[in-house]
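Notes follow once the structure below has been shown.
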Amino acid sequence: MQFTLNHTDPHSSARAGTLETDHGTIQTPIFMPVGTAGTVKGVTQQTLKDDTQAQIILGNTYHLYLRPGLDILKQAGGLHKFNGWDRPLLTDSGGYQVYSLSHRRKISEEGAKFRSHIDGSQHLFTPEKVMDIQRIIGADIIMAFDECPPFPCDFDYAARSLSMTNRWLDRCIKRLEETEPLYGHRQALFPIVQGSTYKDLRIKSAEYCASKDPLGIAIGGLSVGEPNEEMYAMTEVVTGVLPTDKPRYLMGVGTPANLLECIALGVDMFDCVLPTRNARNGQIFTREGIINLRNAKWIDDFSPLDPTGTSFVDQAYTKAYLRHLVHSGEMLGKIIPTIHNLAFYLELVREARERILDGTFTDWKNQLVPKLSVRL
RNA sequence: GGGGGUGCGCCGGAGUUGGAGAGCCGGGGCAGACUGUAACUCUGUUGACUUUGUCUGAAUAGGUUCGAAUCCUAUCACCCCCA
């Protein structure tokens, strides 16, 4: 895997880059749709490519390990073959499930013991085990196994958690050195910066991750309930320390405004369930603001779903029709908003890249951000 | 035409067998939430008003009773059976 920095914005820390993998090239900044169970919910691979212009999608180690399980994934020849996505893939390590399934897991130095959310069975995730699973899934980018501490989190806990995450990182790296990719393409391990909302911990963590000379570095443990300002502050602290020649991946972020602000702080890669989950719950993001399609006000609004949108769904369907589909519980009432939101996110980062390249990013961003969170 | 039965809040259901009803469940409606997906999920709300509370309210109108959604009478609506 190779990252090339194409341009840096003179008025901010925003960067345009190119990330080459064995499954194709990713132009950054990029948003990566989340496909936890090996599918971006509600959309086919064809639609992801053609209509949303997705360049890379995510899968999740914990979910895929539980179902369909390692035997099937191995028999299939890895996730690319299994789900028919021939572009780059990234798998999260299950570190986030350490956070979101906190009531059904127990953490120790060895790893995290989980109770399956599907059948209650018990499983031990160690850094070594997680690397082995990600070898079998076969994503192009794989994540270190980390602890994502909750917010708020006292300093002592954050510090202890961070040092364990660091030791887990060493074990991940060691395991990868001892094993080979299974399907003939390379896999890059991204370590994850933690440290909660403590500046000095964040700096130490970023330096530690950078010292391993990885192909890319992730920023984790943010967007877990802290105020936006705190998230931006921590992101800025970390990107200020990270090497400029490696891609930075801010995990789990965020709203359209979050993306633009964090691009300005030097982040190259994002993933978030917001565009897909909120789409299924009737919410779409546009350049004018946020639309809740369930609201009564759209009942007779026969204007296009998003007049400025670039996806075919934006012109082909009206707000009134979408409101009808949502209220009727129709499948398309979830699919169409999902296509719209993903296309919107990807168009947003595409224009951000163009603006960085032609030097107009900061003005453009500052003008757009206030509009993005307006409730329509 | 005769006989029987049932009627409450946007809808459906439960329940109330003379003693505390703005009250249970589901749906629908209205709104809110959602950030490395236990999420086609979750939360609030859904008679009126001058809202720490007050008022109206069990098809409609009367009656009996200390007290009526409950008993009686009439009317209306719907359902079933007979002709």
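Below, the figures for the structure above:
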read-out	value
Helices (runs of 4 or more DSSP H) lying entirely in the stretch A:227-338 (those with 1 or more residues that are more than 13 Å from RNA strand B (Cβ to nearest atom))	A:228-241, A:256-264, A:312-316, A:319-327
Residue in the stretch A:360-376 that is surrounded by the fewest Cβ atoms within 10 Å (Cβ to Cβ), counting only those that are under 24 Å from the mean Cα position of the chain (by Cα) and assigned to a loop (DSSP other than H, G, I, E, B)	A:Val374
Residue match in the stretch A:137-147 (condition: touching a residue at least 12 places away in the same chain (Cβ under 8 Å) and either of a type in the set (Phe, Trp, Tyr) or loosely packed, with under 15 Cβ neighbours inside 10 Å (or both))	yes
Among (1) surrounded by fewer than 24 Cβ atoms within 10 Å (Cβ to Cβ); (2) among the hydrophobic types (A, V, I, L, M, F, W, C); (3) in a helix (DSSP H, G or I); (4) touching a Gly at 6+ places or on another chain (Cβ under 8 Å) - the single one A:Met164 does not satisfy	(4)
Yes/no for A:Glu109 being part of a helix (DSSP H, G or I), of a type outside the set (A, V, I, L, M) and at pLDDT 95 or above	no
Qualifying positions in the stretch A:56-92 - touching a residue at least 60 places away in the same chain (Cβ under 8 Å), surrounded by 19 or more Cβ atoms within 10 Å (Cβ to Cβ) and assigned to a loop (DSSP other than H, G, I, E, B)	A:Ile56, A:Gly78, A:Pro88
Filter pass, A:Glu128 being part of a loop (DSSP other than H, G, I, E, B) and among the acidic types (Asp, Glu)	no
Sole residue being touching a Phe, Trp or Tyr at 6+ places or on another chain (Cβ under 7 Å) and over 20 Å from A:Val40 (Cα atoms), chosen from A:Leu322, A:Leu305	A:Leu305
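The values are calculated or read from the model by the stated rules, or taken from the named source; none is laboratory data. Because the structure is a prediction, the values reported are computed rather than measured. With ideal geometry, Cβ positions are generated from the backbone for all residues, glycine too; neighbour counts draw on all protein chains shown.
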